[in-house]
Amino acid sequence: MPPIRPLVRSPVAVARLWPWSVPLVVAVVGLLTVNVPFGSIALYTLYFAGCVVLPGVLLLRALWRTTGNWPEDVGLGAVVGITHQMAGWALFTLVGAQSWLVLWPLLLLAAFAAVPRLRGHWRIGEPKPLPILWTWGLVAAATITVAGAAFGVYAYHPMPPDGTAYYPDLLYHLSMVNELTRSVPPELTQAAGQSLDYHWFANADMAAAVDITKLSPIVVLYRLWLIPLVVITLLVCATLARTVSRAWWTGVLAAAALAGPQLGLLVDTKVDLSPPLSLVSPSQTFGMLAGTAAAVFLVELLFRGARSKTLWVLAIATALVGGGSKPTILPILVGAVGLSALYLFARDRRLPARFIAAGALLLASGVGTMVSVAGSTSGSGLQLLAVVKLQAGYRAATRDATPGGMGGLILPALSSGRLLSIVGALVVFGLLLVGQATALVGYGVLGRRQLRRDPLGWFLLGGLIAGWAGYLLVDHPSASESYFVRSVVPFSLAAVGWMAAGWMRQVDDRRRAAVTVAVLGVGLAVVYSGALLGTRIRPRGDQLDRIVLVALPLFAVLTVTVVLVLLWRRLPWSGLGGLVAVVTVLAVPTVSTFVLSLQVNGGKQAQTFSSPQWRVHPDEAAAALWLAKNSDPDDIVAANTYCRPAGPQRPGCDARGYIVSGIAGRRTLIEGWAYTQQAMARQGVGGKRYTQQPSPWPDRVAITNQALYEPTPLVLQRLRNQYGVRLLYGDLHDGPVSPELDRLAVRRHSVGMIRIYELTR
């Protein structure tokens, strides 16, 4: 047997490895400051490295090849590992053996250790390491993003029961994580027995982590799951940029553009990470990551001559995972493949078989996910520029208060016939485009003849067009069309890197050019900051005054842009002007986010999420945690917690209460129904939002209220026999729970104004 070579063979290898300890240390310190035990951090780190990344890297190399360097292998390999884990989770959960899920990755690792043919995949046979500058660039981006998440977003969102209010979407996701640890296909925990109609793959990934680590679903969702995912996202987006441009530094540019806006989180906390990453929408982060990895594989298959048949498995499997996590992903991939195929057909009058196969497989995947796991799309319609309704300043500039999902086929302000309203809407639309500069600048591919003649350029444009079409045409009740444009940011950044690489090749002295671009880019970013700092004024006065005040940031950006164009024409080196322009445009979201962070609420933004609407009383949370520990996972609970804020139930309450299904993690007879397809389809009925529509299951609401407020032996017997309810969660904050229950049922627990009963008869 040949001697085992050391993993680290040179000082250069060490120099590439140790910088990654910086974001790791920042993550650990950040998690410790938000009360995550060190043991939980260590356990989750071991799980993610050993059960996700390592199996995925080995599969990546066995089914395709190595990228030649560990960071990109880890990025793509993590997505492959997640896909592999999803298959194992589904299989083990289906047969009721989810507590043994750890065997799934261990068996794969054992196979790669035992089979001689597979052993070579533990190492990179022909290393092609990336430069040290690439390493430090990605480390810096990862550190900023991790710090923003840990010290900003995590600190802002307390875990149950550490706070007094919780963002409702997170409790809804928590309910799905709990459900997915016990069943596949999952049930709707807010209406036991009904199927869950939602894109739940991200939650299934968390459930698999819970099954293997045995950590609390609360800790996994609120604290541990996101950080490694955002680092992997940076690596995969950087890989896509390098794959497209064939220039290593474009990956650093892409990572910097994603990380830059997160700097604002270090100045002032926000409800979420800056787009396109998200804590409160795990499906967005997870879906975009998987979709970007699928794009890398598709580029290799369609444009780089990869002949590995098993690479098709990786491409379609990761695309499926992305589509099952976010309905926006597969339409974007279909658009990318479709437009590049159309270009080839127009140019060559023939269509390569690989494009036909890719398009057909992606379309089939899209149809499959749409009919199975792509819920929450009900209530959506078509309206040109509907997303403008939700932008800051729109109502002030147009006097239009039309909610999402309503208003006809054209933005109401544009179809109103009022000149000032039309002008105001166009001004706000201009600001929207400025704010989405990162997702918009990729269209610059059209301006370069060389890239227009390359089908890869049309692949990127196809993704961008599909994403922007969904963003500007779909009208979702909760403005979820914004996820279309968030999901195409990696495509745009890859296109930008490709353009920038072309310009850089025209420059003779590249080091001098890089320094010049950096200095000019930073200088122009400072100018943007100064302009924006002076324009954040609360709209007031008549409509024309309001339009002018709302438009001031747009005027500031346009002024700087005009200066930039004039400078571009005078720069001495060919291609340098384009590089300066790209860097400056990419800096706009970072600058605007940072400036807004300085100014939000006069610098008095709350340090933790607090809202009377979403308040959860300490006794409610404590009782829910008791219920989680003292009931069986399959128990069904009848609770009166379906509306927020807590108070006597009344028609029109906000049906986003998830205390029992979320914090306790138990199936309920009825709880918050706002996110069901049935409720969302009623957006606007009676002039009410979908969140205030009556329950799709009025019989469940009626019998729950009877059982808690006016109980009789017959009602409780019906609850037990017909609906399978075993426990009652009576919340006196929500209504006068009858003392008769102490005679008709067995009180198991009480704390504050919460009573928990068991139905034994």
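Based on what the data block shows, is ALA392 more than 22 Å from LYS326 (Cα to Cα), surrounded by 19 or more Cβ atoms within 10 Å (Cβ to Cβ) and among the aliphatic types (A, V, I, L, M)? Spelling it out, it is not the case that ALA392 is more than 22 Å from LYS326 (Cα to Cα), surrounded by 19 or more Cβ atoms within 10 Å (Cβ to Cβ) and among the aliphatic types (A, V, I, L, M). Taken as a whole, segment 712-727 holds at least one residue that is in contact with a helix residue (DSSP H, G or I) (Cβ under 6 Å, 6 or more places away or on another chain), in a strand (DSSP E or B) and modelled with pLDDT of 95 or more.
On inspection, MET499 qualifies as buried (at least 24 other Cβ atoms within 10 Å of the Cβ) and more than 20 Å from LEU273 (Cα to Cα). Screening TYR198, TYR222 for residues that are out of contact with any strand residue (DSSP E or B) (no Cβ under 7 Å at 6 or more places or on another chain), in a helix (DSSP H, G or I) and of a type in the set (Phe, Trp, Tyr) leaves exactly one candidate, TYR222.
If the condition is being in contact with a helix residue (DSSP H, G or I) (Cβ under 6 Å, 6 or more places away or on another chain) and under 14 Å from TYR642 (Cβ atoms), then segment 676-685 contributes only ALA679.
Taking segment 376-389 on its own, how many of its residues are at pLDDT 80 or above, closer than 21 Å to LYS688 by Cα and surrounded by 17 or more Cβ atoms within 10 Å (Cβ to Cβ)? Before the answer, list the steps.
Looking only at segment 376-389, we keep the residues that are at pLDDT 80 or above, and these are 381-389.
Subsequent filtering for residues that are closer than 21 Å to LYS688 by Cα retains 381-383, 386-389.
Next, only the ones that are surrounded by 17 or more Cβ atoms within 10 Å (Cβ to Cβ) stay: 381, 383, 386-389.
Count: 6.
Candidates in segment 191-250 are the residues that are without any contact (Cβ under 8 Å) to a residue 60 or more places away in the chain and in contact with a helix residue (DSSP H, G or I) (Cβ under 7 Å, 6 or more places away or on another chain); of these, the one that is nearest to LYS128 (Cα to Cα) is THR233.
Criterion first (surrounded by fewer than 19 Cβ atoms within 10 Å (Cβ to Cβ), more than 21 Å from the chain's Cα centre (by Cα) and within 26 Å of ALA257 (Cβ to Cβ)) does PRO129 satisfy it? Spell out the reasoning first.
Details: surrounded by fewer than 19 Cβ atoms within 10 Å (Cβ to Cβ): yes; more than 21 Å from the chain's Cα centre (by Cα): yes; within 26 Å of ALA257 (Cβ to Cβ): yes.
It is true that PRO129 is surrounded by fewer than 19 Cβ atoms within 10 Å (Cβ to Cβ), more than 21 Å from the chain's Cα centre (by Cα) and within 26 Å of ALA257 (Cβ to Cβ).
Quick grid of which residues meet (1) more than 23 Å from ARG689 (Cα to Cα); (2) touching a residue at least 12 places away in the same chain (Cβ under 8 Å); (3) outside any helix (DSSP H, G or I); (4) not acidic (Asp, Glu):
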site: GLN613; (1), (2), (3), (4): no, yes, yes, yes
site: GLU620; (1), (2), (3), (4): yes, yes, no, no
site: ALA624; (1), (2), (3), (4): yes, yes, no, yes
site: PRO633; (1), (2), (3), (4): yes, yes, yes, yes
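Might you let me know whether segment 215-236 holds any residue that is of a type outside the set (Val, Ile, Thr), surrounded by fewer than 24 Cβ atoms within 10 Å (Cβ to Cβ), more than 17 Å from the chain's Cα centre (by Cα) and at pLDDT 95 or above? Within segment 215-236, one or more residues are of a type outside the set (Val, Ile, Thr), surrounded by fewer than 24 Cβ atoms within 10 Å (Cβ to Cβ), more than 17 Å from the chain's Cα centre (by Cα) and at pLDDT 95 or above.
When residues in segment 366-375 are screened for being crowded, with 17+ Cβ neighbours inside 10 Å and either more than 26 Å from VAL337 (Cα to Cα) or not polar (S, T, N, Q) (or both), 4 of them pass. In segment 63-79, the qualifying residues are those that are of a type outside the set (S, T, N, Q) and assigned to a loop (DSSP other than H, G, I, E, B), and the one that is surrounded by the fewest Cβ atoms within 10 Å (Cβ to Cβ) is GLY68.
Is it true that some residue in segment 406-415 is part of a helix (DSSP H, G or I), at negative phi and within 22 Å of the chain's Cα centre (by Cα)? If you could, list the steps in order and put the result at the bottom.
Let us first name the residues in segment 406-415 that are part of a helix (DSSP H, G or I), namely 412-415.
Of the ones still in play, those that are also at negative phi are 412-415.
With within 22 Å of the chain's Cα centre (by Cα) added as a condition, the list becomes none.
Looking for residues that are part of a helix (DSSP H, G or I), at negative phi and within 22 Å of the chain's Cα centre (by Cα), one finds none in segment 406-415, hence no.
If you go through segment 80-123 and keep only what is surrounded by 18 or more Cβ atoms within 10 Å (Cβ to Cβ) and part of a loop (DSSP other than H, G, I, E, B), you end up with LEU101, VAL102.
Picking from LYS326, LYS389, LYS309, which residue would you name as being touching a helix residue (DSSP H, G or I) at 6+ places or on another chain (Cβ under 6 Å) and of a type in the set (D, E, K, R)? Break it down stepwise before answering.
Values: LYS389 fails: touching a helix residue (DSSP H, G or I) at 6+ places or on another chain (Cβ under 6 Å); LYS309 fails: touching a helix residue (DSSP H, G or I) at 6+ places or on another chain (Cβ under 6 Å).
That would be LYS326, the only listed residue that is touching a helix residue (DSSP H, G or I) at 6+ places or on another chain (Cβ under 6 Å) and of a type in the set (D, E, K, R).
If you go through segment 658-683 and keep only what is within 16 Å of GLY193 (Cβ to Cβ), crowded, with 24+ Cβ neighbours inside 10 Å, out of contact with any strand residue (DSSP E or B) (no Cβ under 9 Å at 6 or more places or on another chain) and not aromatic (Phe, Trp, Tyr), you end up with just THR676. Here segment 325-380 is the region considered, the condition is being among the charged types (D, E, K, R) and in a helix (DSSP H, G or I), and the residue that is farthest from the chain's Cα centre (by Cα) is ASP348. Per the listing ALA259, ALA241, ALA208, ALA255, the residue uniquely crowded, with 24+ Cβ neighbours inside 10 Å and closer than 21 Å to GLN85 by Cα is ALA208.
With respect to SER695, is the statement that it is more than 30 Å from GLY408 (Cα to Cα), small (Gly, Ala, Ser) and in contact (Cβ under 8 Å) with a residue 12 or more places away in the chain true? Let's see the steps before the verdict.
On the way: more than 30 Å from GLY408 (Cα to Cα): no; small (Gly, Ala, Ser): yes; in contact (Cβ under 8 Å) with a residue 12 or more places away in the chain: yes.
It is false that SER695 is more than 30 Å from GLY408 (Cα to Cα), small (Gly, Ala, Ser) and in contact (Cβ under 8 Å) with a residue 12 or more places away in the chain.
I'd like the full set of residues that are hydrophobic (A, V, I, L, M, F, W, C), touching a residue at least 60 places away in the same chain (Cβ under 8 Å) and out of contact with any Phe, Trp or Tyr (no Cβ under 8 Å at 6 or more places or on another chain), limited to segment 60-75. Correct list: LEU60, LEU63, VAL74. Evaluated against (1) in contact with a His (Cβ under 9 Å, 6 or more places away or on another chain); (2) assigned to a helix (DSSP H, G or I), GLY163 falls short on exactly one condition, (2). Scoring LEU7 on the criteria (1) under 30 Å from ALA306 (Cβ atoms); (2) modelled with pLDDT of 95 or more; (3) surrounded by fewer than 18 Cβ atoms within 10 Å (Cβ to Cβ) leaves a single failure, condition (2).
The values are calculated or read from the model by the stated rules, or taken from the named source; none is laboratory data. In this text the structure is predicted, and so the values were computed from the model without any measurement. Reconstructed Cβ throughout: ideal geometry from the backbone, glycine too, with neighbour counts over all protein chains shown.
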